[in-house]
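The values are calculated or read from the model by the stated rules, or taken from the named source; none is laboratory data. What you see is a predicted model, and the numbers here were worked out from it, not measured in a lab. All Cβ positions, even for glycine, are placed from backbone atoms using ideal geometry, and neighbour counts span all protein chains on display. Only protein heavy atoms, including side chains, enter the accessible area calculation; ligands, DNA and RNA are left aside. Shrake-Rupley method; radii C 1.70, N 1.55, O 1.52, S 1.80 Å.
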Amino acid sequence: MSKPSGFRAMSPGIYQVQALAEQWGPNTAVEKKRAVLAFNKAASLLGLHAQAIQLMNCLLSFTRECDWEADSRPLAWPDNQRLMYEQNISLATLKRALRRLAETGLIAFKDSPSGRRVGRRNPHTGKISTERTYGIDLSPLGIRVFELEEKVETQERLQAQTRALAQQFTRDRKMLASYIESALSNHIEGPWKECEAELDGLILARRSLCTTEILDDLCKQLRDLLERARTAYAAAADKFEAGAAGSNPSTQAKEAAHTSQKNIKMSPSGLTNELSIQDTSQKNIRRLYEEERSSADAEQLELLCAGHTGEKGSGNEPERDVSVEQIKKIQAVKIDPTTLLALCPEFAQWLVSRGRPTWNDVVRAVETVVNPSLQIPPSTWAAACRLLGRETAATAVALIYEKHAVGLIDSPGAYLNGMLSKAENGQLRLPSSLFHWRKPRKEASINTSSA
């Protein structure tokens, strides 16, 4: 039998994913944002390495929102040279990553007779002509979105349960250790040596790598041990209080006299008609630092605005630097994560946060979702982090995404490079740009609702 030549090597995984891609239709179609979020959240659960994850995000960036509709097909047809340039990898690494994505069940190959990737779009609707398009089919990912979301939800629920068990184990361990330490120091009778030995065994088992089921069993054992220690301590404490109540009255009188003498020595000296108020408030080091820093900034601002005296004397008015007031006005505006998401509603849809959003959530959304979607090169993002800082760089990318979503920016990477050039020259006013960007959109929405 002759060996096949010029065709892709078939495997059970690739065959199954090609059969799965044929199920794309009205019942399996999903939005692109949902597919991107599901993949990035479940990538670690699928066992994919970093190169495969970056390659998948790159392929997703080649598709449009309309490609994920039921009457279309999410196909991408970039050639290998472009993918090698975008990912900065070799041809062999690219082929291995593509094959790994296919065997994982995320992409399928729609090969042309000549083996080339080529695509056609309708010039009026912008949708892909599936009959004349050959390349990489991303519909298996869309079909598996529900499965991936369920996996992520199960994993998050398991992690929350493990975290709660770990916190409970720590609380019970500290409580039991306090009982044992107090009983041994006060020479209280009880099984404290046995409890201490059992506690050391549980701590040693906890330090080893254990699953949620094993941790649950350890928490139950620790809870039972804590109840035994608490019962023994309560019984011994009752006996101790009873013995203390029946002690010698003369000893109690000596202790009372000693206590009164100690109180007399601690009484304040001086005028008896004045109240002795002891200041017990702790000084806030951070507050003192901020007050000193603000006073230093104020002095520096006064020096900058003081002007100078000419040769004719001090009768002329001081010359003020105009840039000082501008810098002061710009620095007064601070952007926090909540304000950023309110000013950038399109970017806020990519952020997945149950509680109050933090800068870590914003930066994580930019690095895992928005940068691959905007096709911003990693070198440009790294340069922005070095020059602006991670938080300011994430704010800049959020603003770029808002403008790109409405079609004002065609090349987000070049736009970010322009912002970096302005930042080097001291001309970047990011807070002002954010508020000026939101203001016309807000007025437009008000006018639309009133009409």
I'd like the distance between the alpha-carbon centres of the range 369-426 and the range 152-192, rounded to an integer number of Å. 47
Please give the contour-minus-distance gain from Tyr15 to Arg223: 0.36 nm per residue of separation, less the Cα-Cα distance, rounded to one decimal in nm. 69.7 nm
Answer with one residue from Ile136, Ser178, Ala160: the one whose Cα lies farthest towards the positive end of the charge dipole of the range 121-184, charges on Cβ with Lys, Arg +1 and Asp, Glu -1. Ile136
Just how large is the dipole of the range 61-169 about the Cα centre, in debye to the nearest 20, putting +1 at every Lys and Arg Cβ and -1 at every Asp and Glu Cβ? 480
Taking a probe of 1.4 Å, how large is the accessible area per residue of the range 99-149, in Å²? 48
Here FRET efficiency (C-beta to C-beta, Leu45 to Ala235, R₀ 51 Å, nearest 0.05) is 0.50
The local net charge around Ser129, scoring Lys/Arg +1 and Asp/Glu -1 for residues other than Ser129 whose Cβ lies under 9 Å from its Cβ, equals +3
Which of Lys41/Lys151; Lys41/Lys95; Lys151/Lys220 exceed 18 Å between C-alpha atoms? The answer is Lys41/Lys95; Lys151/Lys220
So if R0 is 41 Å, what FRET efficiency would Arg171 and Glu31 give, r being the distance between their Cβ atoms, rounded to the nearest 0.05? 0.45
Would you calculate the separation in nanometres between label points at Ala164 and Arg386, each defined as 7 Å from the Cα along the Cα-to-beta-carbon direction? 4.6
Assigned charges on the beta-carbon of Lys, Arg, Asp, Glu; the range 1-138 dipole about Cα centre (debye): 320
Which value, in debye to the nearest 20, describes the size of the charge dipole of the range 123-195 about its Cα centre when Lys and Arg Cβ atoms bear +1, Asp and Glu Cβ atoms bear -1, and nothing else is charged? 180
Hey, can you find the accessible area per residue of the range 153-202 for me, probe 1.4 Å, expressed in square angstrom? 66
With every protein chain kept in place and a 1.4 Å probe, the residues Arg207, Arg100 fall, from largest accessible area down, as Arg207, Arg100
Thr338 paired with Ser114, simple spin-label distance in nm, labels 7 Å along Cα-to-beta-carbon: 5.9
Label point distance in nm, His187-Lys151, each placed 7 Å from Cα along Cα→Cβ: 6.4
Solvent-accessible area, 1.4 Å probe, carbon plus sulfur percent, for the range 8-140: 48
